[in-house]
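Student: Quick one: the structure is below, questions incoming.
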């Protein structure tokens with residue numbers, strides 16, 4: 001199990017123990033035991049998958065392994081393909097957190113995704129939980145470049 005917590009409280013979890021990782025997910029995104037307040041707390045979790053990994057809204061690791069525990073906490077999981085257009089930071093105010101579960105290190109439209117992720121994390125409002133691979137080390141079908149290394153480092157530094 002590898003856990004990385006960098007600045008902006010970013011969390012990256014490896015795949016060694018799915019059960020242990022799901023405990024983190026439910027605690028981080030579920031926030032059980034909070035004192036009731038007058039403010040409205042979002043219930044939606046944005047779950048990201050990659051179409052290039054032959055994943056869909058109903059065929060992915062989050063749907064199969066994490067949706068039920070999150071639903072039991074009263075959370076609603078909404079799915080999006082990370083390689084397509086994603087919600088703007090303003091639209092993300094409807095969400096309680098982001099959960100990704102990628103199986104490879106490559107992604108189509110990788111620079112757009114990394115830019116989006118960096119904007120979300122820099123805002124510092126939403127927790128992001130990454131299961132499996134970070135998923136955006138390099139453009140789909142290409143070798144990793146120096147620019148890839150710099151952009152990934154900027155996300156986690």
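Taken together, the values in this text are just the output of simple stated rules run on the coordinates, not laboratory data. The model shown is predicted, which means the values in this text are computed figures rather than measured ones. As a convention, Cβ positions derive from the backbone with ideal geometry for all residues, glycine included, and neighbour counts pool all protein chains shown.
Student: Rank the residues 156, 102 as a footprinting-exposure proxy: fewest other Cβ atoms within 10 Å of their Cβ go first.
Tutor: Numbers: 156 15, 102 24.
Placing the least packed residue first, the sequence is 156, 102.
Student: With each pseudo-label sitting 7 Å past Cα toward Cβ, what's the residue 149-residue 40 distance in nm, one decimal?
Tutor: For residue 149 paired with residue 40, the spin-label model returns 4.7 nm.
Student: For the pair residue 76/residue 119, report the inter-label distance in nm, with labels modelled 7 Å from Cα in the Cβ direction.
Tutor: A separation of 2.4 nm, rounded to one decimal place.
Student: 7 Å from Cα along Cα→Cβ at both residue 142 and residue 108: what's the point-to-point distance in nm?
Tutor: Once both label points are built, they end up 1.5 nm from each other.
Student: Would you mind getting the Kirkwood hydrodynamic radius of the range 86-157 from its Cα pairs, rounded to one decimal in Å?
Tutor: Values: mean 1/r = 0.0787 Å⁻¹.
Hydrodynamic radius (Kirkwood, Cα pairs) of the range 86-157 is 12.7 Å.
Student: Hey, another quick one. Is the range 50-96 rounded, prolate or oblate when judged by the Cα gyration tensor, a ≥ b ≥ c being the square roots of its eigenvalues, rounded requiring a/c under 1.5 and prolate requiring a/b larger than b/c? Mind dumping the intermediate values first?
Tutor: Details: a/c = 3.60, a/b = 1.02, b/c = 3.54.
Oblate, since a/c reaches 1.5 and b/c is not below a/b.
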